[in-house]
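The values are calculated or read from the model by the stated rules, or taken from the named source; none is laboratory data. Please read these numbers as outputs of a predicted model, since none were measured by experiment. Neighbour counts run over all protein chains shown; Cβ positions are idealised from the backbone, glycine included. Side chains included, ligands, DNA and RNA excluded: accessible areas come from the protein's heavy atoms. Shrake-Rupley method; radii C 1.70, N 1.55, O 1.52, S 1.80 Å.
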Amino acid sequence: MSEPRHHEVIVLGAGVSGIYQIKRLVDLGLDAIVLEADEDLGGTWYRNRYPGCRFDSESYTYGYSFSRELLDEWHWKERFSSQPENLRYLNFVVDKFGLRRHMRFEARVEAMRWDEDRRVWELGLANGQRYTARFVVTGIGVLSTPAMPSYPGMDEFEGDAFHTYWWPKEPVPLEGRRVGVIGTGATGIQVIADIAEVVKELFVFQRRPNWSTPLGNSPISEEEMAEIRSRYDEIFATCAGTHGGFDHPPEPRRFGDVSPEERKALWDELYATPGFAIMARNFADIFFDEDANREMSDYVASRIRDRVDDPAVAEKLIPKDHGFATQRLPLETNYYEAYNRANVHLVDLSETPIERVTRQGIQTTAEHYDLDLIVYATGFDAITGAWDRMDVRGAGGATLRDAWRDGPSTYFGLMTHGFPNLLMLAGPQSVSGSTNFPRAIETGVDWVTAFLEHVTKQGATRFEAREDAEKEWVEEVVAAQERMLMRRSRGWFTGYNANVEGHDAGTFRYLAYWGGAPRYKERIDRLTDEGYPGVELE
Ligand code: NA7
């Protein structure tokens, strides 16, 4: 067997975080490469090619902010840009900064083992290659491990069938076809609304509805883009100063300070405002207070009833088991109107569950549905899934999978005790899962870069988060989540996925920090200023 190739730093993943991380490491002059499992770069935006896939963060807050030239050169064509354009953007960035030569594709890391004597990580790839690295930085994604249901007969279906994450690169014919979509999370809601007009028949297999509000997409003209460019500093400053990292300044008033009429006036305005304004600019009380949340939920329910012609269908689309914004809020474009179409049928799995998949379609307890295509929009093993499928063995040989069996434990989502020289971008218990993703990514990458610069300047060859310091951070993560109404909800924010063992209803994990982007940044900046207390450096 040939000797493993060695690099000072290996970054895992060429998605949004890995791309920016390699740029920063190359600029520092470190010997660094990216190993990417897929055959090309882009991560989430390389994989999720399903119709309707697009940002629900404003495009101009999703792009990188690190280069003025890049900001000046790129024209976002839509307020909420679609997957093909997002992938083009990431390729544009990589080509502009010549980063492709630092990337190795079809390089899925399956195993990582810490060698204490040599103080290196040994990496084993699915393709048989081996690498060693002094430091490993992971950008393996928060929603990169798709989860499939396990209905009997799934292999027997004779039509096309795939998870939305694996939607093929080749065009998938939809015209004239009978399509079944399983799942009504953010993904299902995007697909359903997008294909409803095109397909012959669309059967939506819904187990539980989600709350959803309008996305408000629109094109961005040359003039508007010029205006956005002139305001980039202001836009990024607003994002940096707000809890969720969005370009929506918060509502200063409390729910209880205003009359029901004034609340409704605000909600009417927010319902018509694009993006996550309805969360970011709402009364903060709706996230913490049952009464405020109930009134808000009733408001959104009334908007759904207004939009769906058949009152019985409208009731099925209104969540009854959780309040508004206590699970990840999907944003939609004509989703509710899709159900007013004669070719779209809602199959309520809470009344008639799926029994099995057959050669021709789906059999519920009530009926058989003949289908040509089954789309599994069934979600992900979120945040820790990408970790669980690797065999990561730290100091003493313990596996990360075992250490995190009941939930992750990290130091600011950046490191984890017992696993030296390992840094995480978008790590569990950071703000990557809980705030505007790329804004959080830049915060994480900037911190990691400064830390690695410090470590290498010191000539240190080993670092590890201290157990007691990590415990303190986890306590803060738990406390922040426990304050919120979402703490007991069944969504990926709390680690729920009915198709992943140990993640079913009734299990709750602390996967993200809910104390807000500004507080998180302030906390990790303080670590830098104070010379990294909580980290042992040798
Ligand atoms: P989500 O939000 O986890 O949604 C998955 C959906 O699939 C949800 O409605 C599930 O219903 C449903 N599901 C899962 N398994 C089944 C089975 N076996 N039968 C029927 N329905 C099922 O994933 P998304 O991909 O929509 O969104 C993930 C994130 O990606 C999104 O928030 C964005 O940040 C990007 P359930 O709730 O379990 O009853």
Filter region 249-298 for residues that are within 26 Å of the chain's Cα centre (by Cα) and surrounded by fewer than 14 Cβ atoms within 10 Å (Cβ to Cβ); the one that is nearest to Asp56 (Cα to Cα) is Ala272
Considering only residues of region 175-231 that are away from the ligand (no atom under 16 Å from the Cβ) and part of a strand (DSSP E or B), which is farthest from Ser297 (Cα to Cα)? Glu175
Got a sec? Which of Gly42, Gly18 is part of a loop (DSSP other than H, G, I, E, B), open to solvent by less than 10 Å² (accessible area, probe 1.4 Å) and either under 18 Å from Leu425 (Cα atoms) or within 16 Å of the ligand (Cβ to nearest atom) (or both)? Gly42
(1) touching a residue at least 40 places away in the same chain (Cβ under 8 Å); (2) of a type outside the set (Phe, Trp, Tyr); (3) touching a Phe, Trp or Tyr at 6+ places or on another chain (Cβ under 7 Å) all hold for Ala460 apart from (3)
Is it fair to say Leu349 is within 12 Å of the ligand (Cβ to nearest atom) and more than 24 Å from the chain's Cα centre (by Cα)? yes
Exclusive hit being assigned to a helix (DSSP H, G or I), over 30 Å from His322 (Cα atoms), away from the ligand (no atom under 16 Å from the Cβ) and of a type in the set (Gly, Ala, Ser), set Ala460, Ala450, Ala480: Ala450
Suppose we filter Glu223, Glu234 for residues that are open to solvent by 70 Å² or more (accessible area, probe 1.4 Å) and either under 30 Å from Tyr520 (Cα atoms) or among the β-branched types (Val, Ile, Thr) (or both); which single one remains? Glu234
Given (1) touching a helix residue (DSSP H, G or I) at 6+ places or on another chain (Cβ under 9 Å); (2) within 17 Å of Trp211 (Cβ to Cβ), identify the lone condition not met by Lys316. (1)
Within region 51-64, of all residues that are outside any helix (DSSP H, G or I) and touching an Asp or Glu at 6+ places or on another chain (Cβ under 8 Å), the one surrounded by the most Cβ atoms within 10 Å (Cβ to Cβ) is Glu58
Mind listing just one residue for me: the one in region 354-375 that is within 13 Å of the ligand (Cβ to nearest atom) and open to solvent by less than 60 Å² (accessible area, probe 1.4 Å) and, of those, farthest from His163 (Cα to Cα)? Thr364
The one condition in (1) of a type outside the set (Asp, Glu); (2) in contact with a strand residue (DSSP E or B) (Cβ under 9 Å, 6 or more places away or on another chain); (3) in a helix (DSSP H, G or I) that His345 fails to fulfil: (3)
For residues that are surrounded by fewer than 18 Cβ atoms within 10 Å (Cβ to Cβ), basic (Lys, Arg) and in contact (Cβ under 8 Å) with a residue 60 or more places away in the chain, scanning just region 480-538, find the one that is farthest from Tyr411 (Cα to Cα). Arg483
Has region 113-123 got at least one residue that is within 12 Å of the ligand (Cβ to nearest atom) and either open to solvent by 40 Å² or more (accessible area, probe 1.4 Å) or among the charged types (D, E, K, R) (or both)? no
Using the structure shown, decide if Val445 is farther than 20 Å from Glu472 by Cα, outside any strand (DSSP E or B) and in contact with a Ser or Thr (Cβ under 8 Å, 6 or more places away or on another chain). yes
